[in-house]
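J.: This structure is in structure tokens; I'll ask about it shortly.
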Amino acid sequence: MEYKVRHRTTYHYQEPVSLGLHRLMLRPRESRDLRLLYTDLNISPTANMTWAQDVFGNAVATASFYGWSSLLVIDSTIGLELHAQPWPHFDVAASAANYITPGTPLASNVAMEALTGKRDYDKVKRDLAAAGYKGEKVVFLAPTDLAVLKKQGDVAGDMLKRAGLNVEIQAMDWGSVIGHRTNKGPLDKGGWSAACTFWAGGDQLNPAGHTFLRGNGEAGGNWGWPVSPKLEELRNAWFDAPDLASQQKLAQDMQRQVMIDVPYIPLGQVLQPMAFAKNITGVPNGFAQFWNVRKS
């Protein structure tokens, strides 16, 4: 299968600056599964280019500039031929498909059938068409410099395409993703449609500190600014619940509601391995925390 990949970066400066050396890595390493068909690199202002190969086999370009400029544009287009096997798609384990941290008192599998059931792309395509989707572009932000999010983005972007969406995957560093996510404009003005992120399970034990289990719109500053008055009503009721049983019921009601309003979709759970010296005690399970730790 052949792919065309275009990467364009634009820098604007308030006043003309002297541009230093720029180290560019824009060509993927060829392998048994990947063959580079062509490359096209345009840089403005004009630069003197030298190419070298680093110890890992990457093609590295160094751009030297002359004079001053208030604008720098790096526009790269490459053609690829890919023979790799399709991504393996695994069912999400029932224990991991949860809006509340799995294995904790409020966690349940209520209303999670859509995430734990069999994947049916043909049905998804029919449902999209019935909902009025006509091939409008979907911009998916894909960070490349964090390993967990890079893998999530690769798989999620591919699954969205398999579902029949017209997806434009915009690859960028995590800092740029954070900058883009505040843009509420249309897609042609820097807006976006979807992205992947991750969060510590300790913050999602209950609705009180759950960043994403909200429906308070712009006031919450959450990804996508979801609005769900019913979800907020259930959250407020959870604070007034008199006992654990009441809290569990409300958490289940919230989970039912969140599958209707869909402020986000949980993709699973990642367990982070940790190692520490034998003379250290009191280390809590899960995300690295630096309290309650003692030397034995």
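The values are calculated or read from the model by the stated rules, or taken from the named source; none is laboratory data. Just so it is clear, the model here is predicted, and its values are computed rather than measured. We place every Cβ from the backbone using ideal geometry, glycine too, and count neighbours over all the protein chains shown.
J.: What single numbered condition from (1) closer than 22 Å to Asp145 by Cα; (2) in contact (Cβ under 8 Å) with a residue 40 or more places away in the chain; (3) not charged (D, E, K, R) fails to hold for Met25?
T.: (2)
J.: I'm trying to understand the selection: among the residues of segment 227-261, which are among the polar types (S, T, N, Q), more than 27 Å from the chain's Cα centre (by Cα) and crowded, with 16+ Cβ neighbours inside 10 Å?
T.: The answer is Gln247, Gln248.
J.: Another question, then. Looking only at residues in segment 200-211 that are in contact with a helix residue (DSSP H, G or I) (Cβ under 8 Å, 6 or more places away or on another chain) and either surrounded by 17 or more Cβ atoms within 10 Å (Cβ to Cβ) or touching a residue at least 12 places away in the same chain (Cβ under 8 Å) (or both), which one is farthest from Asn183 (Cα to Cα)?
T.: Keep residues of segment 200-211 that are in contact with a helix residue (DSSP H, G or I) (Cβ under 8 Å, 6 or more places away or on another chain), which gives 206-211.
Those left that are additionally either surrounded by 17 or more Cβ atoms within 10 Å (Cβ to Cβ) or touching a residue at least 12 places away in the same chain (Cβ under 8 Å) (or both): 206-208, 210-211.
Values: Asn206: 29, Pro207: 27, Ala208: 27, His210: 23, Thr211: 19 Å.
The extreme case among them is Asn206.
J.: Please work out which one of (1) modelled with pLDDT under 95; (2) surrounded by 11 or more Cβ atoms within 10 Å (Cβ to Cβ); (3) farther than 30 Å from Lys184 by Cβ is the condition Asn292 fails and give its number.
T.: (2)
J.: If you scan segment 231-268, which residues turn out to be under 16 Å from Leu115 (Cα atoms), without any contact (Cβ under 8 Å) to a residue 40 or more places away in the chain and either assigned to a helix (DSSP H, G or I) or in contact with a strand residue (DSSP E or B) (Cβ under 6 Å, 6 or more places away or on another chain) (or both)?
T.: Those that are under 16 Å from Leu115 (Cα atoms), without any contact (Cβ under 8 Å) to a residue 40 or more places away in the chain and either assigned to a helix (DSSP H, G or I) or in contact with a strand residue (DSSP E or B) (Cβ under 6 Å, 6 or more places away or on another chain) (or both): Gln257, Ile260.
J.: Looking only at segment 5-39, count every residue that is closer than 26 Å to Lys161 by Cβ, surrounded by fewer than 11 Cβ atoms within 10 Å (Cβ to Cβ) and touching a Gly at 6+ places or on another chain (Cβ under 9 Å) and tell me the total.
T.: Residues flagged as closer than 26 Å to Lys161 by Cβ, surrounded by fewer than 11 Cβ atoms within 10 Å (Cβ to Cβ) and touching a Gly at 6+ places or on another chain (Cβ under 9 Å) within segment 5-39 amount to 1.
J.: Could you grab me the full set of residues in segment 277-296 that are part of a loop (DSSP other than H, G, I, E, B) and over 30 Å from the mean Cα position of the chain (by Cα)?
T.: At the first step, the residues of segment 277-296 found to be part of a loop (DSSP other than H, G, I, E, B) are 277-279, 282-293, 296.
Selection gives Ala277, Lys278, Asn279, Gly282, Asn292, Val293, Ser296.
J.: Regarding segment 112-133, can at least one residue be identified that is on the phi < 0 side of the Ramachandran plot, touching a residue at least 24 places away in the same chain (Cβ under 8 Å), aromatic (Phe, Trp, Tyr) and part of a loop (DSSP other than H, G, I, E, B)?
T.: Checked against the condition, which is being on the phi < 0 side of the Ramachandran plot, touching a residue at least 24 places away in the same chain (Cβ under 8 Å), aromatic (Phe, Trp, Tyr) and part of a loop (DSSP other than H, G, I, E, B), segment 112-133 yields at least one hit.
J.: Still on this structure: Looking only at residues in segment 162-196 that are in a strand (DSSP E or B) and not aliphatic (A, V, I, L, M), which one is farthest from Arg6 (Cα to Cα)? Break it down stepwise before answering.
T.: Narrowing segment 162-196 to residues in a strand (DSSP E or B): 166-172, 194-195.
Now drop any that are not not aliphatic (A, V, I, L, M), which leaves 166, 168, 170.
Numbers: Asn166: 16, Glu168: 11, Gln170: 9 Å.
For segment 162-196, the residue satisfying everything is Asn166.
J.: Now for a different question. Of the residues Leu106, Leu160, Leu149, which is touching a helix residue (DSSP H, G or I) at 6+ places or on another chain (Cβ under 6 Å), buried (at least 16 other Cβ atoms within 10 Å of the Cβ) and either more than 21 Å from Pro226 (Cβ to Cβ) or not assigned by TED's automatic domain parsing to the domain that holds Thr9 (or both)? Let's see the steps before the verdict.
T.: On the way: Leu160 fails: touching a helix residue (DSSP H, G or I) at 6+ places or on another chain (Cβ under 6 Å); Leu149 fails: touching a helix residue (DSSP H, G or I) at 6+ places or on another chain (Cβ under 6 Å).
From the options Leu106, Leu160, Leu149, the qualifying one is Leu106.
J.: Let me ask you something else. Given the criteria in contact with a strand residue (DSSP E or B) (Cβ under 7 Å, 6 or more places away or on another chain) and assigned to a helix (DSSP H, G or I), does Glu218 qualify? Give the steps one after another, and end with the answer.
T.: Values: in contact with a strand residue (DSSP E or B) (Cβ under 7 Å, 6 or more places away or on another chain): no; assigned to a helix (DSSP H, G or I): yes.
No.
J.: Does segment 31-85 hold any residues that are in contact (Cβ under 8 Å) with a residue 12 or more places away in the chain and of a type in the set (Asp, Glu), and which are they?
T.: Residues satisfying the conditions are Asp33, Asp40, Asp75, Glu81.
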